[in-house]
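Q: First the structure, then my questions, so here it is.
Where a number appears in this text, it was derived from the coordinates with a stated rule and is not lab data. Everything numeric here is computed off the predicted structure, so don't read it as measured data. Heads up, the Cβs are rebuilt from the backbone with ideal geometry, glycines too, and the neighbour counts pull from every protein chain shown.
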Amino acid sequence: MKRLQLWLGIALVAGVVLTAAVSLVWTPFDPIRVVPGQRLLPPGWPHLLGTDGFGIDIVSRLMVGARLCLLVGVISVSLAAAVGVPLGILAGQAGGWVDEVVMRLSDVVYAIPAVLLAILLAAGFGASTVTAMVAIGVATIPAFARVARAGTLQVMASDFVLAARSSGTSPLATAGRHVLPNVAPLVGVQASVTFALAILAEAALSYLGLGTPPPTPTWGTMLRDAQSYVYTDPLQALWPGLAIALAVLGFNLLGDGLRDHLDPRLREVS
Amino acid sequence: MSVLARQVARRLGIFAVTLLGASVLIFAITSALPGDLAQVMLGLDASPEALAALRAELGLDRPLPLRYLAWVGGMLGGDFGISRLSGYPVLQLMAPRFAVTGWLVLFGMIGALLIAVPAGMVAALKRRHWQGFAVNALAQVGMAIPVFWGGILLVSLVAVRLRWLPANGYVPLSQDPAGWASHLVLPALTLSLVQGAVLIRYVRSAFVEVLDEDYYRTARAIGWRPAPALLRHGLRNAAMSLVTVLGLQLSAVLVGAIVVEQVFALPGLGTLLLTAVQQRDLLLVQGTVMFLVLAVLAVNALVDFSYLAIDPRQRTGESR
């Protein structure tokens with residue numbers, strides 16, 4: 001069962017990555033050019049899932065959409081981890097007032113969810129892929145900081161760190177040699193789960209018109225367009241939603257599977 | 001100072017500091033823009049007189065810290081500023097819309113609990129059987145569904161195909177209670193389904209912990225059936241983790257409500273906020289976001305206080 005979860009996650013994630021990679025060199029049709037004569041074709045041949053309200057092949061748009069979903073995920077998760085993990089380790093190692101300051105700051109950021117942060121950024125700077133990525137990345141920093149801090153506290157209490165410290169290893173060296181390697185698996189799990197959250201947030205922002213502007217196809221904007229046809233052509237809304245759900249499911253399963261794989265004891269409690 | 005008073009004071013302090021920090025962040029993002037804010041708000045073809053007037057009105061001639069203090073000071077006195085486009089006070093614009101979002105969040109939360117508590121209990125009790133596996137699988141699928149897609153699917157099924165409920169719009173409760181209810185069912189159900197799926201795993205792990213406790217084993221040993229034993233002895237203990245999770249999930253539900261409002265064209269705070277963003281009505285954006293953050297933080301502070309009510313151990317300061 002545990003194995004199944006992990007492998008299903010890997011398969012789904014690999015599917016999204018592969019789709020995005022293929023779309024870089026080949027899509028069945030032009031994913032952007034409007035074809036007025038072919039609007040809202042039903043699924044069939046050669047348009048496997050039909051065409052949208054602009055006459056564009058849906059499969060092609062979905063394939064290109066995978067690219068943006070991965071791009072936003074990779075950038076925002078990297079940003080969050082690059083800032084959050086060092087801060088968390090610092091808080092866990094230093095303790096005292098440093099810990100207090102870092103955790104209070106993380107509370108402040110945590111109080112503003114990603115979508116609200118993106119709305120603020122869009123109000124100030126105008127909506128774009130960049131504001132969406134920054135908002136999601138910054139809003140998920142606290143999650144990484146907390147995970148890294150909790151892991152650091154655990155490692156710091158261990159005998160090997162005590163030995164290292166008493167033999168004069170500097171805090172920085174301790175962080176690099178002992179803390180980071182032990183915290184890394186936790187961070188990996190967090191990254192996978194956050195990736196899923198990032199995909200959902202990006203889709204929501206695109207749907208609200210606060211993400212990547214047209215004509216770049218994203219799954220969120222495809223759903224936004226499809227909603228206009230909910231009375232006449234409800235199938236339109238099926239495909240992009242399914243794409244988002246499968247990608248999110250993949251990263252969530254991967255995260256859970258990794259967690260069980262790394263620490264089987266955790267399965268019973270969490 | 002007693003332990004209880006110290007706990008309350010510390011929590012209130014954290015609440016105040018976090019709120020202050022959030023206000024600085026919100027102000028900084030919307031106000032510390034490069035370039036001329038008045039130009040941004042009025043557009044490039046604005047006359048110099050109009051620009052000067054707006055700058056004076058916004059106090060742009062003053063330094064940033066002073067503007068921040070004026071904004072925060074006004075909010076402390078209940079003045080969130082004036083919406084530039086409509087000319088109405090921000091608070092007056094938010095008031096009628098707050099009801100819509102408030103109902104949506106409330107019913108969404110209740111619905112999520114009604115789904116998650118029974119499902120989570122089944123998942124815990126039957127965790128080594130196919131029923132438990134099925135609940136987990138359903139929860140995973142539910143968690144992966146974007147809330148707006150869920151809304152669109154429900155609309156196309158229940159409103160368009162079956163014609164049971166209206167697809168969008170809103171009627172105030174005071175005008176027409178039946179119409180109000182029928183317009184809220186689908187949006188609230190959408191939120192409940194997605195949030196319920198997220199909650200299931202927390203409910204499950206809370207009850208799984210109870211299953212390992214001595215008091216549960218004793219209850220089973222003296223002849224209680226599993227489900228009643230879990231309800232009678234486990235619920236209060238599980239409530240601790242549940243209340244925490246509900247507090248943490250509130251911001252997710254609120255964001256979900258903002259998105260769901262767009263699916264169903266509900267005139268709530270989310271719609272107000274998004275319109276304000278499109279019109280670059282910055283004071284309205286700042287005020288609404290600040291209000292939403294305040295609501296989330298206040299509820300989380302209340303959650304922390306509720307531990308003291310739920311768990312007597314916390315009142316005496318004994319470690320758990």
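Q: Rounded to whole Å and sorted largest first, what semi-axes of the equivalent ellipsoid does the C-alpha gyration tensor of the range A:75-117 yield via the square root of 5 times each eigenvalue?
A: 21, 14, 4
Q: Among B:18-30, B:180-192, how do they line up from the highest to the lowest mean number of other beta-carbon atoms within 10 Å?
A: By packing density, highest mean first, the sequence is B:180-192, B:18-30.
Q: Subtract the Cα-Cα distance of B:Val171 and B:Leu294 from 0.36 nm times their separation in residues, and report this length gain in nm to one decimal.
A: 41.6 nm
Q: Report, in deg cm²/dmol and to the nearest 500, the calculated mean residue ellipticity at 222 nm for the protein assembly as shown, where each DSSP H run with n ≥ 4 adds -39500 (n - 2.57) and the sum is divided by the residue count.
A: The helix-only estimate for the protein assembly as shown comes to -24500 deg cm²/dmol at 222 nm.
Q: Okay, moving on. So what is log10(I(q)/I(0)) for the range A:97-184 at q = 0.24, 0.25 1/Å, when the Debye sum runs over its Cα atoms only?
A: So the normalised log intensities work out to -1.08, -1.13.
Q: Using the Kirkwood radius over Cα pairs, work out the Stokes-Einstein diffusion coefficient for the range B:156-218 at 4 °C and 1.567 mPa s, in µm²/s as a whole number.
A: Estimated via Stokes-Einstein, D reaches 88 µm²/s.
Q: Ok, one more. Where nothing but the Cβ of Lys and Arg (+1) and of Asp and Glu (-1) is charged, how large is the charge dipole of the protein assembly as shown around its Cα centre, in debye to the nearest 20?
A: Taking the Cα centre of the protein assembly as shown as origin, the dipole is about 1540 debye.
Q: Pick out, from A:Tyr110, A:Ile75, A:Val64, the residue whose Cα sits farthest towards the positive end of the charge dipole of the range A:41-133, with +1 on the Cβ of Lys and Arg and -1 on the Cβ of Asp and Glu.
A: A:Val64
Q: Once R0 is set to 45 Å, what does the formula 1/(1 + (r/R0)^6) return for the Cβ-Cβ distance between B:Leu76 and A:Trp45, expressed as a FRET efficiency to the nearest 0.05?
A: Once the sixth-power term is evaluated, E becomes 0.10.
Q: Between B:Gln131 and A:Val130, what is the FRET efficiency for a Förster distance of 45 Å, r being their Cβ-Cβ separation, to the nearest 0.05?
A: For B:Gln131 and A:Val130, the calculated efficiency is 0.45.
Q: Suppose each label sits 7 Å from its Cα in the direction of the beta carbon; what would the B:Ala239-B:Ala181 distance come out to in nanometres?
A: Taking the two extended label points, one gets 2.8 nm.
Q: How many nm is it between the label spots at B:Leu85 and B:Thr218, if each spot is 7 Å from the Cα in line with the beta carbon?
A: In this crude spin-label approximation the distance works out to 6.3 nm.
Q: Tell me the angle of helix B:48-58 to the major Cα principal axis of chain B, expressed in degrees between 0 and 90 and rounded to the nearest ten.
A: 40 degrees
Q: Moving on to the next point. Taking chain A as the reference, fit the longest principal axis to its C-alpha atoms, fit the long axis of helix A:129-139 to the helix C-alpha atoms, and give the angle between the two in degrees, 0 to 90, nearest 10.
A: 30 degrees
Q: Given C-alpha coordinates of the range B:213-320, what is the ratio Rg to Rh with the Kirkwood estimate of Rh?
A: Answer for the range B:213-320: 1.21.
Q: Same structure again: Could you give the semi-axes, largest first, of the ellipsoid that matches the protein assembly as shown, computed as the square roots of 5 times the alpha carbon gyration tensor eigenvalues and rounded to whole Å?
A: Value: 37, 33, 27 Å, ordered largest first.
Q: I want to check the label-to-label distance for A:Glu100 and A:Leu262. Put each point 7 Å from Cα in the C-beta direction and report it in nm to one decimal.
A: A separation of 3.1 nm, rounded to one decimal place.
Q: Right, next: Ignoring solvent entirely, what values of log10 I(q)/I(0) come out of the Debye formula for the range B:75-144 at 0.14 Å⁻¹ when each Cα is a single scatterer?
A: Rounded to two decimals, the profile gives -0.62.
Q: Ignore the peptide's own chain and count Cβ atoms of other chains within 10 Å of each Cβ in B:292-298; give me the average, rounded.
A: Mean shielding by partner chains, rounded to a whole number: 3.
Q: Further, regarding this structure: Largest first and in whole Å, what are the equivalent-ellipsoid semi-axes of the range B:19-161 based on the Cα gyration tensor, each being the root of 5 times an eigenvalue?
A: Gyration-tensor ellipsoid for the range B:19-161: 48, 19, 16 Å.
Q: A further question on this structure: Would you mind computing the Rg to Rh ratio of chain A from its alpha-carbon coordinates, Kirkwood style for Rh?
A: Checking Rg against Rh, the ratio lands at 1.07.
Q: With θ taken as phi - 60° and the coefficients 6.51, -1.76 and 1.60, list the Karplus ³J(HN,Hα) couplings across the range B:136-144 in order, rounded to whole Hz; mark glycine and proline as x.
A: With the stated coefficients, the range B:136-144 comes to 4, 5, 4, 5, 4, 5, x, 5, 8 Hz.
Q: Could I ask something else about it? Inside 10 Å of the C-beta atoms of B:242-255, what's the mean count of C-beta atoms belonging to other chains?
A: Mean inter-chain Cβ contacts per residue within 10 Å come to 2.
Q: Once the convex hull of the C-alpha atoms of chain B is built, how many Å³ does it hold per residue, rounded to a whole number?
A: Residue-normalised Cα hull volume stands at 185 Å³.
Q: Within 10 Å of each Cβ in peptide A:222-235, how many partner chain Cβ atoms are there on average? Round it to a whole number, please.
A: 3
Q: Oh, and also: What does the charge count near B:Ala116 come to, summing +1 for each Lys or Arg and -1 for each Asp or Glu among other residues with Cβ under 10 Å from its Cβ?
A: Charge balance in the 10 Å sphere: +2.
Q: Moving on to the next point. So for the range B:179-253, averaging the separation of alpha carbon pairs under 8 Å that are six or more residues apart and normalising by length, what relative contact order in percent results?
A: That works out to 36 percent.
Q: Have a look at the range A:28-135 and give its Rg and Dmax from the Cα atoms, expressed in angstrom.
A: For the range A:28-135, the Cα radius of gyration and maximum Cα-Cα distance read 21.4, 68 Å.
Q: How would you rank A:Leu40, B:Leu254, going from fewest to most other Cβ atoms within 10 Å of each one's own Cβ?
A: A:Leu40, B:Leu254
Q: Checking the a/c ratio against 1.5 first, then a/b against b/c, what shape does the Cα gyration tensor give for the range A:110-249?
A: Prolate shape, in that a/c is at least 1.5 and a/b is the bigger ratio.
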